[in-house]
Structure formats: structure tokens, C-alpha cells
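The values are calculated or read from the model by the stated rules, or taken from the named source; none is laboratory data. Computed from a prediction, not measured in an experiment: that's the story for all the values here. All Cβ positions, glycine included, derive from the backbone under ideal geometry; neighbour counts span all protein chains shown.
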Amino acid sequence: MAMMERGNALWQRFGTELKRQRELSGVSQAQLAKATGWSPSMISALQQGTRTPKRDHAEALDTALNTGGLLTRLWQELVNQRDVPEWFRDAVLIERRATEIREYEPLVVPGLLQTTEYARAMLEGRYNRHLSDQIRQMAEARAARLPAIQGHRPLLWFVVREAVLKRAVGTETIMKDQLGHIIELAEAGTVQFQVLPDTPVSPGFCLPFRVSSLGPIQSVVYVEHALGGETSDNPEQVSEMTTLFGALQAAAVAPGESIDLVKRWRGEP
């Protein structure tokens, strides 16, 4: 039963949007059923999230409701989330809508910057009870997150503690490829990347967090912990974490010099 409930929850967003689009179009469930050739009970099940839609369902609904492909795009987005841990799904949705993301990571390479092999090595340690194929799918989903948001070119700014980049994860080859990936992203202008030196006194003695801007007047903060993470749009909390990120930036090495450090740790001349 628990697995069914989780599956239903994943598709409730699709059902909610389907109902909203149907009502905006002034179409009843019976009329939509007739237009698609399906039964009214199927339309009802899709709206309630108790039936998993396929791509051709989404495409047929887009055609019947003249949505311009909205439901098909939403369907693809939700399919991509199936291999994302449930506790992180809200953060991924925010990530795909953000115009700016500022993230601090003191423990591992930020998920958006991870290669598939680095992610897999991390996940094998964290989810040692999962099957190898499950871990592979999760790693591939993590590595696909950055390409999924690059189309609208959000500002991506990362501050990462020095120890994260000097500590090998998996194998030396995996770590070398991971550092090379960071260098490529920074030099291409895809991300801004700063190294926070490991010093006795630093503003970086805190859990990983990110501040995401969804528009001129809306921002949210996401803070990770051992069992997942929490999202808040409370203005005071957002302001506090934005100020903290500013302090981390100020304490970190400048972006260009940071990439020079990453190259040195990778073994480049």
C-alpha cells in the first residue's frame, strides 16, 4: 500500500494540472472523455492521480484541451523525477524554475555539479541496501539535473569547502574526472565556483544549503540534514541564509583563483 501511495502522490500534480486545464477550457469530464475516446472514469482517475498516465495520454489531452503541449512537458518532468529520492522532489521542482541558485556545500560536490560516476560512488555509500540498478538510475537522474535547467540559463553560484575537492570519492580517476567537470563548467561560464579554505575560524561551519530565486520578489531556502532536507519561503529565514551565503562568498577564494586551485589539485600544470 505504501508504494502505491507514493506512486499516486507523484502523479497528483499531473492530475491537478489536468483538472485546471480542463476547467479553463470549459470542458466537462464527460466531454473530455468523448473527445479522447476514453471513459469518464479514466479521466477521473487521471485527475485524482490514481492512474499513471503514459506519454500518449498526455499528448491526447494536450490536443483535446489545446494546451500547447503543457501536459506533455509536465509528464516528462514527472517521469524524470521518478528516480529522484522522494524527500528531494520539491527541491528539484524549485531548481527547475529558479532564475538564480546560490549553494553552499561543506561535505560533497554539489549535486548539480556531480558526474554520473561520482554520484554513483556517493549513492553506493549512502544507499547500500539498494540494488545496483536502482543506484545507477539515481546517479543518472542526478547527473541529468544540470542539463535540465541550462535552457533558461539561471545564475548558478557555488561555494564549496576545500576538503570536499581534495578528498577522493570512489577512485582517484572518478575524482579527477569530477574536478575536470567542475573546471569545464566554470570556464564555459555555466557556473560561478568558489573554494572556501579550511581555516580554524570560518562562516562555513554549517549544514549544506541553497537559496533559490524564483522571481524578483520570491525566494526560497533549502537546508539539508541527515534524513533529507527542508524548504522554507519565510522571509526572515531566506534573508538570514542569503546573508550567510554572502559571508561565505567573502571568505572564499575568488572564482578565477578557485579554478586555478582545482586545476592544481587535479594535477594539472
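Data table
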| item | result |
| --- | --- |
| Residue ranges of helices (runs of 4 or more DSSP H) in the range 162-269 with at least 1 members farther than 18 Å from E105 by Cα and not charged (D, E, K, R) | 172-187, 235-251, 255-266 |
| One residue from V211, V160 being without any contact (Cβ under 8 Å) to a residue 60 or more places away in the chain, surrounded by 14 or more Cβ atoms within 10 Å (Cβ to Cβ) and closer than 17 Å to E103 by Cβ | V160 |
| Tally of residues being more than 24 Å from R153 (Cα to Cα) and either buried (at least 17 other Cβ atoms within 10 Å of the Cβ) or touching a residue at least 24 places away in the same chain (Cβ under 8 Å) (or both) across the range 214-244 | 5 |
| Residue in the range 124-173 that is farthest from V195 (Cα to Cα), counting only those that are touching an Asp or Glu at 6+ places or on another chain (Cβ under 9 Å) and β-branched (V, I, T) | I135 |
| E124 being part of a helix (DSSP H, G or I) and not polar (S, T, N, Q) | yes |
| The listed residue being modelled with pLDDT of 95 or more and assigned by TED's automatic domain parsing to the domain that holds T242, out of E95, E105 | E105 |
| Close pairs (8 angstrom Cβ cut-off, 6 or more residues apart or separate chains): of a type in the set (S, T, Y) in the range 43-55, surrounded by fewer than 19 Cβ atoms within 10 Å (Cβ to Cβ) anywhere | S44/Q29; T50/N8; T52/G7 |
